[in-house]
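Peer 1: First the structure, then my questions, so here it is.
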Amino acid sequence: MSTTPVTPDQSTAVPSSNLGNMVSNPAPAQPTAPAAAQPVQQPRTAQVLQAVASSIGNPPQTPSASSGGVVSTNDDDDDMSSGQRSGWKTNLGKGLSTVAAGLSGVSDKGRPSFFGGLGEGARGEQAAQAAQQEIKFKSFDDQVRMAQLHNQDLKMQNDTQAQTDAHTKADLDNRALANSLGVDYDTIANHGSAVMDHLSAQTEANGAAAVPAGTHLSGDGKTVQIPQDTQQTRDGQKQMYNQLAPALGLPSLPQGAQFVPPKNMNMLTNKIHGFDINGEPLKHDDLPTYISTTQTQRDAMAKNGASDSQLKTLDNMIGIYKANLGALDTHADAVKQSGAQATAAGTLAAQTSPDAVKAEAGKAGAVKQAQLDVENSPANQAAAAKGAGQKSAAEEAAKTGASSNLYVGTDATGNQIAGTSTDLQTAGASGVTKLDADTGKKVITARQLISPAGLFSQINQDMRALDAKGKMGSSATSRINDALLSKAGSDPDYAPLFVHTHLLATALMQAHVGSRGSSDMMEEFKSLANSGKMNAATLRSALGAEYNYVHEKAMLPQKVGQ
């Protein structure tokens, strides 16, 4: 890797992308008195920026042949005859000086680098003090490129591994393309002393230092890649620009151009290494848009037959953008979490301070006393007692309701039985499931019919009473029919039997089909045990059959062992 200063090629009339070659045979800068040592050493970034700022205020002046060796003051951007520099250059110089001053006292961290390595080693302080006198830049564009590289170096020093990997891949692919087109590079270490030696040697040999267009940092930030000052390299840069510019939205070269203008070459270099055209790292909020638009551009070009080098360049740019977005998202989340933790810590500290604890205790005491005053009032005592009674009743009702839910299962004899969960457990039932509401109503109706005070029992008592009076014998059949068919109009002894048998027909229908029975079905059940049409023996036999059916519908559980 060469650290030899690049000497302008005077053998060709073709302009070079190296801005230093556009000034012929610059005279060495006049030595000046060494600057007094500062009591506080500036950090390495500040040292180089201070040197750059100084060079803006003292640009090298080049003698021209037409002036007979006299320094020319003809400058498109400067009015040197009046002793004034253009405002934008003067302001940049002031800005760099301000940044340099502001960085004084900032500790040196990270890997040694072009802008960070001046404070390293025994020569650091001496090089920093002499930088202002040793280095003069050939043009303002060289100074701008130096500032761009500075910003890129700071960004890359703080990169995550994913970001470094993305930059490295892009750099290797870009280098492979450049080398295939004939572009060669001189490589120097990205270390303060190495770069300062390189710039100082150029100043000493050529009167000023240059930063050739296309100069960039390697993907890992450890070296500086400087295009060689050869016709082959200039031709290769032109081919590379013509290939990639359409994919990156950069302007085409003028017709007949023999080299790439330095600003165009630097814009291309910045873009393909993941920066904006001005060499600045992309802002966090802008990255999603850059990713989306670059991906859209890549997809469109792939459909239109773009070259492999164009697609690979766009892929690498997207990879850098995504790695940057991921790192910045993580950083933003960490900052947000740290802020939340700090806020929580501050809140906790305020809450646990002696004054806060005392105030909270007083507040709690006042609230408790107010509660006691309310609770002990006569009206509230009465309301509390009433509420407690209602709560107890509600709880008991809920408990009773829960236990009265009906379930159905099969006992040891194979009969279906119904009852509460406790009833079925006592009966040793298996296959227990909850009984649906409609079947539950039928079960309850059946159990009412066969209960000791149910309709079957009442009808039995009616018939016994009639039999005791001699009104149920076979010889009395016609009298039963006449009495019941006329709704017991002539003999009140038959009225209970008439009413109870008709009620039984309705209840039987409910036990059989529920409440959905029709009038025709009602007549069907009345005919099963019709006291108005049957003699005593037939009526008793029909009622017995009905009782057995209803008893089965009641699904009464039996205790185990009964």
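Peer 1: At least 3 residues that are of a type in the set (G, A, S) in each: list the helices (runs of 4 or more DSSP H) lying fully within the stretch 138-244 that qualify.
Peer 2: Once the helices (runs of 4 or more DSSP H) in the stretch 138-244 are filtered for at least 3 residues that are of a type in the set (G, A, S), what remains is 161-180, 192-206.
Peer 1: Oh, and also: Condition first: within 23 Å of L504 (Cα to Cα), at pLDDT 85 or above and not hydrophobic (A, V, I, L, M, F, W, C). Can you find one or more residues in the stretch 463-470 that meet it?
Peer 2: For the stretch 463-470, residues within 23 Å of L504 (Cα to Cα), at pLDDT 85 or above and not hydrophobic (A, V, I, L, M, F, W, C): present.
Peer 1: Moving on to the next point. Please verify whether S218 is out of contact with any His (no Cβ under 8 Å at 6 or more places or on another chain), under 21 Å from F140 (Cβ atoms), among the small types (G, A, S) and touching a residue at least 24 places away in the same chain (Cβ under 8 Å), treating the condition exactly as stated.
Peer 2: no
Peer 1: State yes or no: is E280 acidic (D, E) and farther than 24 Å from A213 by Cα?
Peer 2: Spelling it out, it is not the case that E280 is acidic (D, E) and farther than 24 Å from A213 by Cα.
Peer 1: When you look at D315, is it at pLDDT 85 or above and either under 30 Å from Q239 (Cα atoms) or assigned to a helix (DSSP H, G or I) (or both), yes or no?
Peer 2: yes
Peer 1: Next question. Limited to the stretch 273-284, what total is found for residues that are under 22 Å from the mean Cα position of the chain (by Cα) and either among the basic types (K, R) or at pLDDT 95 or above (or both)?
Peer 2: 1
Peer 1: Being acidic (D, E) and either touching a Leu at 6+ places or on another chain (Cβ under 6 Å) or under 29 Å from S292 (Cα atoms) (or both) narrows it down to one of D229, D220, D235, D197, so name that one.
Peer 2: After ruling out the rest, the residue left standing is D220.
Peer 1: A further question follows. Confirm whether A323 is among the small types (G, A, S), out of contact with any Lys or Arg (no Cβ under 7 Å at 6 or more places or on another chain) and free of Cβ contacts under 8 Å to residues at least 24 places away in the same chain.
Peer 2: Considered against the rule, which asks whether it is among the small types (G, A, S), out of contact with any Lys or Arg (no Cβ under 7 Å at 6 or more places or on another chain) and free of Cβ contacts under 8 Å to residues at least 24 places away in the same chain, A323 comes out as no.
Peer 1: Hey, can you tell me all the residues within the stretch 263-286 that are part of a helix (DSSP H, G or I) and within 19 Å of L177 (Cα to Cα)?
Peer 2: Scanning the stretch 263-286 gives N264, M265, N266, M267, L268, T269, N270, K271, I272.
Peer 1: Here's a follow-up. So which residues in the stretch 237-263 are more than 20 Å from I320 (Cβ to Cβ), in contact (Cβ under 8 Å) with a residue 40 or more places away in the chain and either of a type in the set (S, T, N, Q) or in contact with a strand residue (DSSP E or B) (Cβ under 9 Å, 6 or more places away or on another chain) (or both)?
Peer 2: The answer is Q237, Q239, Q258.
The values are calculated or read from the model by the stated rules, or taken from the named source; none is laboratory data. These numbers were taken from a predicted model, which means no experiment stands behind them. When we count neighbours, we look across all protein chains shown, and the Cβ atoms used for this are built from the backbone with ideal geometry, even at glycine.
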